[in-house]
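Structure first, commentary second.
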Amino acid sequence: MPGYDRRVTSLLLLAVGLVVFATGWLLVRRLGDRARVGRILATTRVVPVDEAVRLAGAASPCYIGVGGRLDSDQEFLDEHDRPLVLRRSRLELRAGSRWVTVTDHREIVPFGLAGSLASIAVDGEALHEGLIVVPRESEGTAGEIADRVPEGTPPATPARLRTELLTTVDHALALGVPRIGPDGDPILRAGLGRPLILTTLEPAEAMRILAAEHRSSTRVGALLMAGGLLAAAVGLAWTVIVTVA
């Protein structure tokens, strides 16, 4: 009877650990595309530009990270004379605990990543949630920009304008599938079920940007996953020891 009780306790601990881990995993998964981008960023292999160019011609596609300097012969200047290859401006309104996009305006020219010996184009048109930079923000209320928000929006509704920039003075890390484009040149694209990702930040800082709006949920989910994994490991070890004994 005592042995039976120990086995029941160990199996219960294992089951509880698995349930807690699954709860944490589901909580993190519910954070949406940004959480998925973070997971991909944390686990993808990074190669030099010349290696990405070689892989573009390989028979089997692969998803990799490529680091290099942003480069373009069609950059455009903004009001501060910065040489841009991409500018994305989003007007958002606060709805409960979320920000809802009202307008999303993009300006983009062809660009790529340059290494010491080679360069590869980047399919910038495919950059959406995978664009990770420090946004420039200005906040106010809908009443201050009444001509730019939907009719009937309460004037006191919080509003913000978020602007994301890529310039030819930036170094970046891009994640995607290198292939040969229609023009015969290598290009990095979304593929294999994963988005195109590009950041001008160190990976750790990019992860913080991705989690900024869901920091509490991310922390709780991570703690649940860690605690559940620990409990399941203890329960499994205890089950083995009791069974052998």
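Of the options (i) 21.1; (ii) 19.9; (iii) 18.7, only one is Kirkwood radius over Cα pairs in Å as computed from these coordinates, and that is (i). In the chain, helical runs assigned H by DSSP with n ≥ 4 each contribute -39500 (n - 2.57); averaged across all residues and rounded to the nearest 500, the mean residue ellipticity at 222 nm is -12000 deg cm²/dmol. Dipole of segment 47-201 (Lys/Arg Cβ +1, Asp/Glu Cβ -1, origin at the Cα centre): which of Ala172, Thr157, Ala95 lies farthest to the positive side? Going by the charge dipole, the pick is Ala95. The residue list Ala118, Gly184, Ile209 was ranked by how far each Cα lies along the charge dipole of the chain toward its positive end, using unit charges on Cβ atoms, and Ile209 comes out on top.
Given +1 at the Cβ of Lys and Arg, -1 at the Cβ of Asp and Glu and no other charges, the dipole of the chain around its Cα centre is 1440 debye to the nearest 20.
Any read-out appearing in this document is the output of simple, stated calculations on the displayed coordinates, not a laboratory observation. Here the structure is a predicted model, which means the values were calculated and not measured. Positions of Cβ are backbone-derived with ideal geometry, glycine not excepted, and every protein chain shown enters the neighbour counts.
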